[in-house]
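Reading through the structure tokens given below for one structure.
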Amino acid sequence: GQQVMQIPQYQHVQEGEDFTTYCNSSTTLSNIQWYKQRPGGHPVFLIQLVKSGEVKKQKRLTFQFGEAKKNSSLHITATQTTDVGTYFCAGQKAAGNKLTFGGGTRVLVKP
Amino acid sequence: NAGVTQTPKFQVLKTGQSMTLQCAQDMNHEYMSWYRQDPGMGLRLIHYSVGAGITDQGEVPNGYNVSRSTTEDFPLRLLSAAPSQTSVYFCASSYLGAGTGELFFGEGSRLTVL
């Protein structure tokens, strides 16, 4: 079945530094979504990428969809304490509607 | 707007008991789904539905039943609870366009099976 892997599992970041989390699918995706879950909360939608090679920015967050539509990345610049949480990618295959989530990257920020 | 509402928020069961987790959405979303999240783990899809009367299995369907009699409601039934089903359960809904759109999640239901 479809597998979505995320690395790293944990990311300890000094406040002000940049970091990137990566998402890899075993199959070609029709689209990929990113979510953020604060500690004790529920996942909240960040963005959806649909086109091959697509790059989207939200303030300090940059999302990229690979050319082969099998991988994606989230890059955060100038990390702030508000960035603490777990970031999930979720992939959808062309046929069907299931969204398969990766294991998440848990981000801890050191002030 | 209430969005996606899950009840109960907390539940403790004994092994072998049955129960139903309720999920309701008021956004007229076609797509509804149930995920479970174990400590330090990602979200694993249990069951999903693309409309009233239509349900399908996700990655971890064993031990759970669902039904979708209305667009608004998508209850999740645990037939005979086991300690392995201790988890946080999230219901999520979405519009269906070219695929599944942005998922709106409920607050979660924390289940402990003793």
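The values are calculated or read from the model by the stated rules, or taken from the named source; none is laboratory data. Worth saying up front: this structure is predicted, and the values here are computed from it rather than measured. Reconstructed Cβ throughout: ideal geometry from the backbone, glycine too, with neighbour counts over all protein chains shown.
Considering region B:48-114, the qualifying strands (runs of 3 or more DSSP E), each wholly inside and each with 1 or more residues that are crowded, with 17+ Cβ neighbours inside 10 Å and within 13 Å of chain A (Cβ to nearest Cβ), run over B:54-57, B:87-94, B:109-113. Only a single criterion out of (1) out of contact with any Ser or Thr (no Cβ under 6 Å at 6 or more places or on another chain); (2) modelled with pLDDT of 95 or more; (3) crowded, with 16+ Cβ neighbours inside 10 Å; (4) not acidic (Asp, Glu) is not satisfied by A:VAL55, namely (3). For A:ILE32, state whether it is under 19 Å from B:LEU103 (Cα atoms), under 12 Å from the mean Cα position of the chain (by Cα) and aliphatic (A, V, I, L, M). For A:ILE32, the condition - under 19 Å from B:LEU103 (Cα atoms), under 12 Å from the mean Cα position of the chain (by Cα) and aliphatic (A, V, I, L, M) - is met. Scanning region A:63-102 for residues that are at the interface with chain B (Cβ under 10 Å from one of its Cβ atoms), in contact with a Phe, Trp or Tyr (Cβ under 8 Å, 6 or more places away or on another chain) and closer than 15 Å to A:LYS36 by Cα yields A:PHE88, A:CYS89, A:ALA90, A:PHE101, A:GLY102. Note on region A:36-90: enclosed strands (runs of 3 or more DSSP E) holding 2 or more residues that are under 12 Å from the mean Cα position of the chain (by Cα) and under 18 Å from A:SER26 (Cα atoms) are A:61-65, A:71-76. With respect to being in contact with a Gly (Cβ under 7 Å, 6 or more places away or on another chain) and either without any contact (Cβ under 8 Å) to a residue 60 or more places away in the chain or at the interface with chain B (Cβ under 9 Å from one of its Cβ atoms) (or both), A:GLY53 falls outside the description.
For region B:1-47, filtering for residues that are under 14 Å from B:PHE105 (Cβ atoms), more than 11 Å from every other protein chain (Cβ to nearest Cβ) and either in contact with a helix residue (DSSP H, G or I) (Cβ under 7 Å, 6 or more places away or on another chain) or of a type in the set (Gly, Ala, Ser) (or both) leaves 2.
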